[in-house]
Amino acid sequence: MRVGKVFIDFFATATGDEAAKTWPVSWSVNNVLVFGRGNRVHYKNLTTNEDVAQLCKLKESVGDLRFLECAGKDQPNTVAAGTSTGCIQIWDISAKKNTAAWQATGASVMKWNGHMVTVGLQKGTIKHYDSRTPKSKETIKRVTRHQAKITSLAWNTEGKLYASGDETGVVFVWDIRHPGVPVEQVGDMVQRRRKIQHTGAVTALAWCPWQTKILATGDSTPEKTGTIRVWTVGGSTSSMYQSPHPDKIELDAPVTSLHFSSHCKEILSTHGPGKTTPAPQTYTEDLQLIENDPIPSPYSNSVVVHSYPSLRHVVTLPGANSNIAGSLLSPNGQKIVLAVPEENKLKIWDVWARPTLRRTASALSIDGRIR
């Protein structure tokens, strides 16, 4: 892996602790990066390398820009913008036109699936909207199983299953064909129901692109640790209990994003500031104690790659001097953009940049890029 040459100025819309969690950025299937600067939404075509252009400016009355999500291949020029007041607006990038809008009070995260926008709310509710309806109401019965703020959502590549995680560490998997009841055969048995339970807020979800029932989940704890777990969804029992491979990685830094490679059997994770350990005591010649700075976690503010299914560590590279709030994987799976709100930058890195390779256990190439 090596750092790319693209650095884009990026200004978070919040301040303090909230700024570290706010990074309205998305990457379209047309290789257009859409990002926020205050309440202005901008975009840059990374294929043509045209100058940054403005899509729109959101009115102050709708609140601060909180998240952006580009639609998939069915709507390659469409992006959804969400604000702090729960206003959701759908925009056509090519026409620079607002095509739909509705109110989802307390919206905390959203993801596309075809023409449907799935929105997670702060009270634990999940709602689905049809973007083709200008003032859409829910087209599918809302889901209310979670008892806390929804912190992450992810659809699998088939568009039939999606996972939702909340700030108490609970993850449910849902089948869109049976929207009211979570998939039972996944996770651990907790209170007579099988579900995934983390010790911290669920801050990352990723479905495997070549095994569509494999799900990776990651958390962030108040102690500044993070755990990555890998699950197989469906069947009479979770197949992780039958697998000879490990299903968990425990790290001393919070997990802020996860990605499976579509080119090789690897998982990439990004991490925020991790735990520190006291430095060994040292003394001067006259036996005066020297106050040494604590030793930071090697995973702090880093990008880490793990092999799959062994979950063996492959490489760790420092990604920033401050909190990596998350990352996005490019449409071709060969680049990631790191969101570093405290530095007001988006950093684009080359990863897995050899698409002709088969999905085999990979290694580092001599120039540092991930195969």
>> So, R0 is 35 Å and r is the distance between the beta-carbons of Lys123 and Asn77; what FRET efficiency does that work out to, to 0.05?
In response: 0.60
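What is the extension gain from Val181 to Asp130, computed as 0.36 nm multiplied by their sequence separation minus the C-alpha to C-alpha distance, in nm to one decimal? Each step should come with its number before you reach the end.
Details: separation 51, 0.36 × 51 = 18.36 nm, distance 2.07 nm.
Additional length available on full extension: 16.3 nm.
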> Pulled fully out, how much extra length does the chain show between Ser94 and Gln281, if you take 0.36 nm times their separation in residues and subtract their Cα-Cα distance?
Replying inline: 61.2 nm
> According to the square roots a ≥ b ≥ c of the eigenvalues of the Cα gyration tensor, what is the shape class of the stretch 27-74, taking rounded for a/c under 1.5, prolate for a/b larger than b/c otherwise, and oblate for the remainder?
Replying inline: oblate
>> Here is the link list: Lys44/Lys111; Lys97/Lys335; Lys59/Lys97; Lys127/Lys149. Which ones come out longer than 25 Å on Cα distance?
In response: Lys97/Lys335
> By how many nm would the segment from Ser322 to Arg142 grow when fully extended, if each residue of separation counts as 0.36 nm and the alpha-carbon distance is taken off?
Replying inline: 61.0 nm
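None of the figures in this text is laboratory data; all of them are computed from the coordinates on show. Here the structure is a predicted model, which is why all the values come from computation and not from measurement. Note: ideal-geometry Cβ built from the backbone for every residue, glycine included; neighbour counts use all protein chains shown.
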